[in-house]
Amino acid sequence: MNEWPTGWFREDKPAAAQDGNAMPGAAGGSAAAGSAASGSTAAGSAAAGGASGMPGAANDPTVRMPAGSGSAGSSYAAGSSSYAPGGSGYASTATGAPANPWPNQPPLRSAPGGPPRGARTYSGGRRPRRRPRLRLFLAFLAGLVVVLLILVIGGYFYLDGKLNRSNVLVSYAGQPAAGAGSNWLITGSDSRQGLTRKQERKYHTGRDIGGQRSDTILLLHIPGNGGPAVLVSLPRDSYVKIPGYGWNKLNAAYSFGGPKLLAETVQNATGLRIEHYMGIGFGGLVNVVNSVGGVTMCFKHSLHDAASGVHLKKGCQTLSGGQALSFVRVRHTFASQDLQREQNQRVFIKALLSKMTSPGVMFNPFSVVPAALGAVDTLSVDNGTHLN
């Protein structure tokens, strides 16, 4: 919409002009001035027009002034007008003179209080939406998501490839049929792999121990209907029939034929089919506990045992890797010996899993990455077991 009045550039002039300050034809201003004594309405109109120097200005304020026609009575005469920014345009300083009919103009941008030089100005007083910044932020966010996905997917396959797999579970004649859910055989061997000589002395594990033994044998059942898992300890001194070796203690199967023979012995003794196997040694347990920042345990009584090297005070405390290893091995201070040790091992495994799956570890890359690396490097699993 044009803000200039209609006819601003009108150039047509009447045939005769009345004087130097008026333009003939301006709604009969001059004729009305000649008959001012008659007191007619037209005379009053002409008088008003003559006072401003533009006859007929009240009827047509957009008539252009002739060049050089400025006078003392003109509203745009030099020295007789002033500009009032933000007001009604050019206001005449003459007493009783009407304001100039020019449209109001916005204040000069260089005026005091205006925007600084080089600053952006926008018409209509509204700033446009900051779409470039929004697009930049969305692009950054999308890139961050892509990087995280690459790290997670790449990290999964890297860790999955570092698991120590072996052909532990094999089919054989008379093997129990598969049931609902899945069963895991978990063993803790007395392997000193991953421990230095100094750590062997510190943790009282002994040196130059030949062969392989497993004093920790557990059976984990995960229901297929999403119910809670069940962890059961199998006493190492259980008297069972070992294929090819006759009757003997359960942990003797591990010494005779390793995890493969132990898995077959457990399946025959329990009637449960084993779908997965996982084993961990002394060094692996120490590394996993240290990588998660220790495991908090509470004791009703203090524990001291020279054989396992355990020295724990009464109450709640955070166990380091070495202290945890001593705790799961101690048995001489208990009246029930191995049975109490098995119970302690289940309590510790629950505490360790709770710590590993806590938000402080799972969402902390400085904890979850060392924990995952410490676990997969020391775990032995069957060929069909993966990180998921």
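Points to keep in mind about this one:
- Anchor Lys300: lysines whose Cα lies under 19 Å away (excluding residues fewer than 8 positions away in-chain): Lys313, Lys314, Lys350
- Computed label-point distance, nm, for sites Leu220 and Ala173 using a 7 Å Cα→Cβ extension: 3.4 nm
- Backbone HN-Hα couplings from phi across segment 158-164 [Karplus 6.51/-1.76/1.60, Hz, Gly and Pro as x]: 5, 5, 4, x, 8, 5, 7
- Excluding same-chain neighbours fewer than eight residues apart, the lysines reachable from Lys249 by a Cα-Cα span under 19 Å are Lys241, Lys260.
- Against the criterion of solvent-accessible heavy-atom surface with a 1.4 angstrom probe, Arg133, Arg165 sort, most first, into Arg133, Arg165.
The values are calculated or read from the model by the stated rules, or taken from the named source; none is laboratory data. These numbers come from a predicted model, not from an experiment. Ideal geometry is used to build each Cβ from the backbone, glycine not excepted, and the neighbour counts take in all protein chains shown. When the accessible area is computed, the model is the full protein with side chains, heavy atoms only, and any ligands, DNA or RNA have been set aside. Shrake-Rupley method; radii C 1.70, N 1.55, O 1.52, S 1.80 Å.
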